[in-house]
Structures are given as C-alpha cells and as structure tokens.
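K.L.:
Would you mind keeping the following structure in view while I ask a few things?
The values are calculated or read from the model by the stated rules, or taken from the named source; none is laboratory data. Predicted model, so just to flag it, every value in this text is computed and none were measured. Cβ placement follows ideal geometry from the backbone for every residue including glycine, while neighbour counts extend to all protein chains displayed. Please note that ligands, DNA and RNA were not included when accessible areas were found on the heavy atoms of the full protein model with its side chains. Shrake-Rupley method; radii C 1.70, N 1.55, O 1.52, S 1.80 Å.
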Amino acid sequence: MQLSITVKIKVMFRLNEVLRFLKNELNYTHSQLQYFCNIIDGDTSWGEDVMLKGSDIEAILGVENMRKLESEVVQSIVFKNK
C-alpha cells in the first residue's frame, strides 16, 4: 500500500516588514507605500499580523526587487495539506 500526500507550500511575509523594506531599501514614498497596500491582497487570518504571499509581492515588485526582499526580510513558510 502506498500513501500519497500532497502538500502546498506558500512563502509568506509580514506586511509591516515588507513596508519597512520598501521604504528603507527601495526608497518608496508615502504615496507609493499606500498604493502598494491598496493593490496587494493580505491574509488576516494570522491574528495581529497581516501576511502577504511572496508570489503576489513578486508580481508587483518584479523578480529583481523580490530577490532583494527575500534576502532582507524574514519569510514564513506555510505548509498545507491539499
């Protein structure tokens, strides 16, 4: 008998840490930070933290800036059984 389990992995980032990175490393203005918050979907099921999917951030920032963010900001790995 063979058991097969499919696990979905998501890389998540805390909104406040992403905003800090955008402001300090990419020199985003207040207006740019506000625009970013308005267009990205956040997951609020984490209690007080709003979490953002890495793929959503990459779609907005592009690959190069996403790689910088990945090296600077703590990531949370989420495993979910599918």
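K.L.:
For the range 17-39, enumerate the residues that are among the hydrophobic types (A, V, I, L, M, F, W, C), more than 14 Å from the chain's Cα centre (by Cα) and surrounded by 14 or more Cβ atoms within 10 Å (Cβ to Cβ). I'd like the intermediate steps shown before the answer.
P.N.:
At the first step, the residues of the range 17-39 found to be among the hydrophobic types (A, V, I, L, M, F, W, C) are 18-19, 21-22, 26, 33, 36-37, 39.
Narrowing the set further to residues that are more than 14 Å from the chain's Cα centre (by Cα) leaves 26, 33.
If the condition is that a residue be among the hydrophobic types (A, V, I, L, M, F, W, C), more than 14 Å from the chain's Cα centre (by Cα) and surrounded by 14 or more Cβ atoms within 10 Å (Cβ to Cβ), then Leu33 is the only one that fits.
K.L.:
Same structure again: Quick check: is even one residue across the range 54-75 open to solvent by 100 Å² or more (accessible area, probe 1.4 Å), in a strand (DSSP E or B) and modelled with pLDDT under 90? Before you say what the answer is, go through the steps one by one.
P.N.:
Going residue by residue through the range 54-75, those that are open to solvent by 100 Å² or more (accessible area, probe 1.4 Å) are 64, 67, 72.
Cutting the leftovers down to in a strand (DSSP E or B) gives us none.
Looking through the range 54-75, none of the residues is open to solvent by 100 Å² or more (accessible area, probe 1.4 Å), in a strand (DSSP E or B) and modelled with pLDDT under 90.
K.L.:
Something else now. Can you name the residue in the range 1-16 that is touching a residue at least 40 places away in the same chain (Cβ under 8 Å) and surrounded by fewer than 17 Cβ atoms within 10 Å (Cβ to Cβ) and, of all such residues, is nearest to Gln75 (Cα to Cα)?
P.N.:
In the first step, residues of the range 1-16 are kept if they are touching a residue at least 40 places away in the same chain (Cβ under 8 Å); the result is 5-14.
Checking the rest, the ones that are also surrounded by fewer than 17 Cβ atoms within 10 Å (Cβ to Cβ) come to 5-11.
Values: Ile5: 24, Thr6: 22, Val7: 18, Lys8: 16, Ile9: 12, Lys10: 10, Val11: 6 Å.
By that ranking, first place goes to Val11.
K.L.:
Looking at the structure I just gave you, is Leu26 within 13 Å of Lys68 (Cβ to Cβ) and assigned to a loop (DSSP other than H, G, I, E, B)? Explain how you work it out, then say what you get.
P.N.:
Working: within 13 Å of Lys68 (Cβ to Cβ): yes; assigned to a loop (DSSP other than H, G, I, E, B): yes.
So Leu26 fits the description; yes.
K.L.:
I've got another one for you. Six or more apart or on different chains, Cβ under 9 Å: which pairs go from a residue in the range 33-61 that's over 18 Å from Val74 (Cα atoms) to one that's surrounded by fewer than 16 Cβ atoms within 10 Å (Cβ to Cβ) and charged (D, E, K, R)? Could you list them?
P.N.:
Pairs found: Leu33/Lys23.
K.L.:
Within the range 40-47, identify whether any single residue is open to solvent by 70 Å² or more (accessible area, probe 1.4 Å) and in a helix (DSSP H, G or I), and answer yes or no. So that I can check it myself, show each step before the final result.
P.N.:
First, pick out the residues of the range 40-47 that are open to solvent by 70 Å² or more (accessible area, probe 1.4 Å): 41, 44-46.
Filter again for in a helix (DSSP H, G or I), leaving none.
No, the range 40-47 contains no residue that is open to solvent by 70 Å² or more (accessible area, probe 1.4 Å) and in a helix (DSSP H, G or I).
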